[in-house]
Structures are given as C-alpha cells and as structure tokens.
1. A:TYR360 fails exactly one of the following numbered conditions: (1) part of a helix (DSSP H, G or I); (2) crowded, with 17+ Cβ neighbours inside 10 Å. What is the number of that condition?
2. Can you confirm whether segment A:25-48 contains a residue that is among the basic types (Lys, Arg) and under 30 Å from A:ILE262 (Cα atoms)?
3. For segment B:12-37, give me the residue count where each residue is under 20 Å from A:SER381 (Cα atoms) and part of a strand (DSSP E or B).
4. Which one is nearest to the other protein chains (Cβ to nearest Cβ), of the residues in segment B:22-48 that are surrounded by fewer than 16 Cβ atoms within 10 Å (Cβ to Cβ) and farther than 29 Å from A:HIS26 by Cα?
5. Among (1) within 14 Å of another protein chain (Cβ to nearest Cβ); (2) at pLDDT 95 or above; (3) surrounded by fewer than 18 Cβ atoms within 10 Å (Cβ to Cβ), where does A:ILE403 come up short?
6. Which one of these is under 30 Å from A:GLY200 (Cβ atoms), buried (at least 22 other Cβ atoms within 10 Å of the Cβ) and among the basic types (Lys, Arg): A:ARG245, A:ARG274, A:ARG278?
7. Could you say whether any residue in segment A:341-358 is away from chain B (no Cβ under 14 Å), farther than 25 Å from A:GLU16 by Cβ and out of contact with any Leu (no Cβ under 6 Å at 6 or more places or on another chain)?
8. Could you check segment A:137-189 and list, in sequence order, the residues that are part of a loop (DSSP other than H, G, I, E, B), under 18 Å from the mean Cα position of the chain (by Cα) and aliphatic (A, V, I, L, M)?
Amino acid sequence: MHKIAAKAVDWHAVREDFPILREQAHGHPLIYFDSAATSQKPRAIIDALRRYYEHENANVHRGLHTLSSRATEAYEKSRQRVAEYVGAASADEIIFTRGTTESINLVAHAWGGKFIHEGDVILLTEMEHHSNLVPWQLLAERTGARLRFVPVRDDGTLDLEQLSSLLTPELKLFAFTHISNSLGTINPVAELCEKAHAVGALTLVDAAQSAGHLPINVQELGCDYLAFSGHKMCGPTGIGALYGRAEVLDSMPPWHGGGEMIVSVTLEKSVFKRAPHRFEAGTPNIAGAIGLAAAIDYIEQIGRPAIFEHDTQLAHYAAERLTELTGMHVLGPTGERGALVGFVMDAVHPHDLTTFADQYGLALRGGHHCNQPLMRRFGVSGTTRASFYFYNTTEEIDRMIEILHRAVRFFS
Amino acid sequence: MTTEIEELYQEVILDHSRRPRNFGELADAAVRVHGDNPACGDEIHLGVRFDAEGGLEDIKFTGHGCAISQASASLMTMKLKGKSRVEVMEMLRAFHDLVTDEISEAPKTLGDLRVMKGVRKFPQRVKCAMLAWRAVEQALEQGAGEANVSTEPE
C-alpha cells in the first residue's frame, strides 16, 4: 500500500506555502518539530476559511436562501472529499466530529452503550494515546466490561505472539492506533483487523498520526471504524472525522440529541435521521469541514506516497543522527517508523531540554505525550519528541543535533 | 544571546540539580509526603522531622525530575532546616511570589533561593519550582504519617 511510486516534489518550494515557517522564536528561525501535536497550515487552507466566511457563510441543511445552499453544498462536498480520501464506500459513512478524541467517544457512547455488556472484552494496546484509552475505561465502568491490552515489546512493536490468546469469544472491539505518537511504530492494521474479525469483534483504528502522512483505504484495511483529526493534517483545529462502516453506523443509536439530527419531533419523542446526520446534532463546524477538505486537496496535490517517503526518511535520519550523542536512548522500532522520534537523554530531563531548545527556535515536545501507561512500560517519566512533516528538512535535523550537543554541554 | 536561559539555569541551580543536597531517606521522619507533577511525571518524596516547638528540625528528599524541580527541592531543604512553622509559611509565600510575580522585589530573607527568580519568565516551569514547596506545605498541614500532594489537584 505504501509502495505506490512517489513523484518528485520540490520540498523547499512547499515550505513557501506555510507563512508561519517564516516566524522567528527567540531571535532564531523557527524549527517546528511538533507536528505530531498539531501541524502547521498552508496558505491554501487559510484562504479557504476566509473564502467561506466572505462568500458562503450560513447555516446548513435548513435555509432555503442562496447562502445556505452554498454552505450546505460546500459542507456535503467536504464529506464526499473525506470519504474519497480514506476510501470509504459512501459519504454517508463519514461523520464530522471535533477530532479523533470525539470520534472515539462517539463510538464508545453510541455503539458501546448499546452493544457492550458486563463481561464483554474491549481490547486495546499498551501504546494507546489517552484518547483511545480513557473513553474505554469510562465505558467499562458504566457497563462492567473488561479491558485487555496487547503488550508492547522493547523494540516498540506490538507483541503479536500474545495476541492470539487475547482473541477470545468475549472480545467485542479491538481499538488500536495506526501509528504510535510516542514511539513512531506503524502497526499492521489489515492483519490486526483480520484477526479481530475472525472472532467476531469489530475494529477501530486511531489514525490521528497516520491520516495526513500515508495513503489510507478503509476497505483495504478492513476496519469498522477509523478516527482522525483535521489539525494534524494541515486542516483547522476543531474538525475531524469518524469513518464507520455503513452497516455498523446504521445499527447505532444517536449520542447527542438536538437539531440537525432529527426527522420529526413531538413533545414526547423524536424520529432520527439516518447516519451520518443522526450523529451530528447542532450546527456543525461548517468552516472546519471546508478547511479539512481544502487540506485534503492540498495533501493530495503533493501526494501521500511522496509525503510518507519524505517524512519517514526524516525520522530515520533523525533517529540515526541522535545516536551520535552520548547517553542517548532512542525509543521505537529500528525498522519502519512514522514521522517522529522519541528519545531520552541521561544528561538532560525532557522539560529542561525543551525549554533549552526553545531558546534556539527549536520546538520540541517533552513529557508523557498523553501516553502515561506507555511511559511506565518503558520505565521513564517522559521523553523528548521530535515530530516531522513534509515541510521539515534534513538541515533542520542537523541544527537540532547541534542544539542537543549544546544542551548536553550546558547541563552536564 | 540566551540571557533568559542563563538566568533560568544559573550555575547554582545546575550545581544543585547535579548534586542535590539533603538527598536521601530521613530515617526517623515524623511525616512523609509524596509529591508528584502528573503533567511531567516528576516526583518528590519528602521526609520531615519536627522539633519540640513544631519547627523543622530535619528535612530530606528523594525523587526524580527536571533540573528546576531538583534544584528547588535541594535549595529549599537547605533553607528550611531549623526554621519555625511561621517562618516556613512566610518563606513559602515569598518563594511563590518570587517565581510567579513579575514585579516583586525578591525579599532578602529568601537568600540563596533568589537564584530561582528566572522561573518567572517561564510560566510552564512554575510547577516544577513549586513541587517541593507544595510537599513541605502538606507536611506542615499533615503533621504526622503519610500524605500525597499533586501539582494538579483532582
């Protein structure tokens, strides 16, 4: 799937599309290595938002006037664009949400509330972001379901040998991340989905770290749900999507009640729309959806195979160069890795390091990365993370290595 | 060029972070407080013994964390040993002002602790500097036994 030939891209020209990359921090050119937290936005997305507010803004699905028609059309076109981007069979399988976290909570409430009972098992992994852990803890508390976890090996990959013993008849859902936000591990999604389906469980893929970085086709992956955020893939904050296989979405009751999601309402009861509108109560984030579609257009113009190749090359280059530093421990797999590298240094605590790096214009992330159980698994309180996107360069990584050398000298 | 960073990490702070003073278990502690900063995983385990008047006769700590939290704990234990309850509370308030308040003149009574002044330019690091102080505040409140304190109240 990742093997589609990547076309040649002028990456330095791509940087010009991002106004914020001309910013300075503490008198130094900004080096933004925190794209796993949120990506920067190209001019095209900023323009799309402005165009919407200047020419199309109105509420969707209700008004019979010109602007409402424009807004409705643009909003639903965006849904179609998202559907194509992830290979969904239909736009009806795409629910707009605030982001990955809300997408997962939607499944935990609407699907979990109906189908999860005492004694059922929800399978996760030890490398899940809190957003794919806490909603299931809350569901387990409400229902008496049990959580189980696929262990992570020392090399940062899932211990698939343990998986078969976890695939029991009580298993109702296997929810796992596509790419670990701390380790960079890329999980074998299709294989995991197939194994879970073999025991009759559904699957949910947390694609927060993958959706903007590599080609995704939900039908090829075979997942039942896929959750992702717009803001990590050049889009605005506050918009994301949940893909749900049509049959699964149709089986689910609503979660939020309100306008937009109903067919008819009496004082006593309501009749609800079908998916996806059943799950979109209230005025949606219309501008956000349009911004997300613009982000998809932008990404597709460069091409995900090229982006994936570029990003993983940066991550490998960074992981390799980091080993030059003494007392350096790089986490995560030595093989294929996503667009980030997490590390621990004997000489410098992650928070001291990120404060220090910031003084040189370098934006790193230090801490537990919403991965507290995983940090415990590796016996660290936190790591420093450098995460990359297609607007980053090897020269910036060279500069990071210089700054890290400087930090070691400063703190040792 | 990097005056702010040098002001934050003064040589005294780096020295205390590398070789923290009063670091270890206090065998006959009257109260032990486990402080943590869940935002970053830093931990401090503080042991305190009181004198007949309730002042701090001895104080020691263990734990792990960033240079700021380690140095702050080390400097604090040096400063508070032998201080009365009232003096400790006064110093706690003065220290909090020192690391948060842009305009306050650092009171002379803080002595060495004034090297922590640079923290005020780094609001995200105030909790690092305050962790040990939150623990000692809890120790005074608790008086005996074991207690927990967190920089993120539940």
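1. Of everything listed in (1) part of a helix (DSSP H, G or I); (2) crowded, with 17+ Cβ neighbours inside 10 Å, A:TYR360 misses just condition (1).
2. The answer is no; no qualifying residue exists.
3. Count: 6.
4. If we take residues in segment B:22-48 being surrounded by fewer than 16 Cβ atoms within 10 Å (Cβ to Cβ) and farther than 29 Å from A:HIS26 by Cα, then B:PHE23 is nearest to the other protein chains (Cβ to nearest Cβ).
5. Failed condition: (3).
6. Values: A:ARG245 fails: buried (at least 22 other Cβ atoms within 10 Å of the Cβ); A:ARG274 fails: buried (at least 22 other Cβ atoms within 10 Å of the Cβ).
Matching residue, one of A:ARG245, A:ARG274, A:ARG278: A:ARG278.
7. Among the residues of segment A:341-358, at least one is away from chain B (no Cβ under 14 Å), farther than 25 Å from A:GLU16 by Cβ and out of contact with any Leu (no Cβ under 6 Å at 6 or more places or on another chain), which makes the answer yes.
8. Matches in segment A:137-189: A:LEU183 only.
The values are calculated or read from the model by the stated rules, or taken from the named source; none is laboratory data. None of these values were measured; they are calculated from a predicted model. Cβ atoms come from the backbone with ideal geometry, glycine included; neighbour counts cover every protein chain shown.
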